[in-house]
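*Asks:* Please read through the structure below; I'll follow up with questions.
The values are calculated or read from the model by the stated rules, or taken from the named source; none is laboratory data. Just so it is clear, the model here is predicted, and its values are computed rather than measured. For the accessible areas, the whole protein counts, side chains as well, though only heavy atoms, and no ligand, DNA or RNA atoms are used. Shrake-Rupley method; radii C 1.70, N 1.55, O 1.52, S 1.80 Å.
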Amino acid sequence: MGFGSYDESEQDNQDYDADLDDSGVDTEENSHEGSVDFEIGASNDELIDRLQDIKDDGQSET
């Protein structure tokens with residue numbers, strides 16, 4: 001099953017529309033200042049134990 005012939009001459013004749021306007025994107029348009037605080041509610045040991053449980057469940061399914 002063929003996909004047609006490859007014509008190298010078409011590679012040289014491709015027109016690209018590279019007309020870029022200078023307006024671009026204003027990255028400071030939605031600048032925010034502030035802070036975020038997280039309250040996890042679990043100790044590191046509890047989180048590590050939970051991660052190990054998740055890993056063990058994943059291995060038992062394979």
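*Asks:* Based on what the data block shows, is Ser5 open to solvent by 100 Å² or more (accessible area, probe 1.4 Å), of a type in the set (Gly, Ala, Ser) and either outside any helix (DSSP H, G or I) or at pLDDT below 65 (or both)?
*Replies:* Taking the combined requirement at face value, the residue satisfies it.
*Asks:* Now for a separate question. Could you please give the count of residues in region 33-62 that are open to solvent by 100 Å² or more (accessible area, probe 1.4 Å) and at pLDDT below 80?
*Replies:* Adding up the residues that qualify gives 3.
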